[in-house]
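Below: one structure, written as structure tokens.
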Amino acid sequence: MNEKNNRLLYDYTLAAENFNKARGKAMISKLSNIMNSKQDDLLSFNDVKEILKPDKQIYMGMKTIPVHLIVGSEGRYRDFNKNFHPRKEFMRTRWENINRAHIKDIPLPAISLYEIGGAYFVRDGNHRVSVARLEGVQEIDAEVTSLSSEINITPLMTTDDLRKAVIDLEKKVFYEKTCFCELTGDKELNFTATGSYDRIYMHILDHKYFMNLDEPKEIPFSDALVSWYREIYKPIIKIISREKLDLFFPGKSTSDLYILIVRHWDFQKKNKGRSYTVTTAARNFAHRYGNKQRQTTRSIRILLDKLFKREIFNL
């Protein structure tokens with residue numbers, strides 16, 4: 001009886017020490033990534049799904065999965081860090097119960113995972129993955145549902161990395177499909193949001209439609225693209241540059257601002273008439289939605305430029 005009690009005490013003590021060790025690792029990792037907290041975060045499955053937009057899923061059945069390829073969670077991504085170490089004290093009881101089962105070699109039900117882009121996300125079994133990571137378990141049995149993706153996900157990826165990978169793929173597809181670089185010589189049509197190249201493609205198609213209204217024959221897409229680029233895109237980019245609108249929107253590219261300003265311009269024309277100019281729309285957009293501190297800085301800079309020019313003129 002005493003031996004049984006001693007063994008039970010040992011199991012409880014060891015599980016408690018292991019949880020403390022895992023919590024300690026989580027705290028150290030948080031401090032190590034204090035300048036970039038996203039590096040310490042598990043990926044959210046729903047965020048990844050929103051970025052990748054998979055169009056189909058297939059039930060794959062039971063599989064043995066490398067633990068290091070489990071990079072995120074459907075619902076508990078805030079409770080664990082990137083290495084599945086527990087972040088919160090309230091998780092202790094369940095975590096220790098599962099760890100004691102591992103210590104005693106008690107078999108547990110298989111976990112449930114989603115697979116997308118070669119990486120796995122926990123649907124059910126987050127604590128079991130966490131214990132497996134701490135105990136150095138290399139593989140784990142799981143019931144897997146696979147979702148389609150053209151993007152490969154690596155264990156160290158953040159959502160920002162994933163979004164950039166999607167944007168890079170969208171750019172590659174757009175440039176190849178439209179021969180954009182060959183026709184315009186522009187390699188710098190860059191965006192920070194997914195789906196932007198599809199919007200540009202629709203802008204070109206709209207421009208092509210209006211061009212065709214005055215032509216007896218169908219205008220080639222390539223001609224419409226060049227016309228759109230020269231007559232619409234580049235003039236608006238020049239307005240953005242001249243008005244220094246990028247200062248109002250840190251982190252946005254000039255191509256991002258093109259899409260935002262055109263959308264704002266279309267909305268304003270519906271309310272104020274077709275005589276409402278794109279320059280006015282651009283200024284109005286910056287005033288309404290731009291960084292207020294940047295607006296003040298820009299106003300001071302313009303005032304100083306005017307004063308400096310006046311002083312030069314008076315010399």
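The values are calculated or read from the model by the stated rules, or taken from the named source; none is laboratory data. Since this is a predicted model, take the numbers as computed values, not measurements. Cβ sites come from the backbone with ideal geometry, for glycine too, and all protein chains shown count toward neighbours.
Suppose we filter Asp124, Asp40, Asp79 for residues that are over 30 Å from Leu8 (Cα atoms), out of contact with any Phe, Trp or Tyr (no Cβ under 8 Å at 6 or more places or on another chain) and not aromatic (Phe, Trp, Tyr); which single one remains? Don't jump to the end; show me each part of the working.
Working: Asp124 fails: over 30 Å from Leu8 (Cα atoms); Asp79 fails: over 30 Å from Leu8 (Cα atoms).
Unique residue meeting the criteria: Asp40.
Does Ile51 satisfy being touching a residue at least 40 places away in the same chain (Cβ under 8 Å) and assigned to a strand (DSSP E or B)? Break it down into steps so the answer makes sense when it comes.
Values: touching a residue at least 40 places away in the same chain (Cβ under 8 Å): yes; assigned to a strand (DSSP E or B): no.
When the stated conditions are applied, Ile51 does not pass them.
When the stretch 11-48 is filtered for residues that are hydrophobic (A, V, I, L, M, F, W, C) and either in contact (Cβ under 8 Å) with a residue 60 or more places away in the chain or outside any helix (DSSP H, G or I) (or both), the ones remaining, listed by number, are Leu14, Ala15, Ala16, Phe19, Ala22, Ala26, Ile34, Met35, Leu42, Leu43, Phe45, Val48. For the stretch 193-221, filtered to residues that are within 23 Å of Lys172 (Cβ to Cβ) and free of Cβ contacts under 8 Å to residues at least 24 places away in the same chain, the residue that is surrounded by the most Cβ atoms within 10 Å (Cβ to Cβ) is Lys208.
Among the residues of the stretch 91-112, is there at least one that is of a type in the set (Asp, Glu), closer than 24 Å to Gln138 by Cβ and in the same structural domain as Glu139 (by TED's automatic domain parsing)? Can you show your working first?
First, the residues of the stretch 91-112 that are of a type in the set (Asp, Glu): 96, 105.
In the following step, the residues that additionally are closer than 24 Å to Gln138 by Cβ were identified as 96, 105.
Cutting the leftovers down to in the same structural domain as Glu139 (by TED's automatic domain parsing) gives us 96, 105.
Within the stretch 91-112, one or more residues are of a type in the set (Asp, Glu), closer than 24 Å to Gln138 by Cβ and in the same structural domain as Glu139 (by TED's automatic domain parsing).
Scan the stretch 69-101 for residues that are more than 20 Å from Gly24 (Cα to Cα) and over 19 Å from the mean Cα position of the chain (by Cα) and jot them down. Matches in the stretch 69-101: Leu69, Ala101.
Looking only at residues in the stretch 155-175 that are without any contact (Cβ under 8 Å) to a residue 60 or more places away in the chain and β-branched (Val, Ile, Thr), which one is farthest from Gln39 (Cα to Cα)? Checking each candidate, the answer is Val173. The set of residues in the stretch 270-307 that are modelled with pLDDT of 90 or more and of a type in the set (Lys, Arg) comprises Arg283, Arg288.
Output the residue which, of all residues in the stretch 34-79 that are of a type in the set (S, T, N, Q) and in contact with a strand residue (DSSP E or B) (Cβ under 9 Å, 6 or more places away or on another chain), is farthest from Asp160 (Cα to Cα). Step through it out loud before you land on a result.
Filtering the stretch 34-79 for residues of a type in the set (S, T, N, Q) gives 36-37, 39, 44, 46, 57, 64, 73.
Now drop any that are not in contact with a strand residue (DSSP E or B) (Cβ under 9 Å, 6 or more places away or on another chain), which leaves 44, 57, 64, 73.
Values: Ser44: 12, Gln57: 24, Thr64: 29, Ser73: 17 Å.
Ranking the qualifying residues of the stretch 34-79, first place goes to Thr64.
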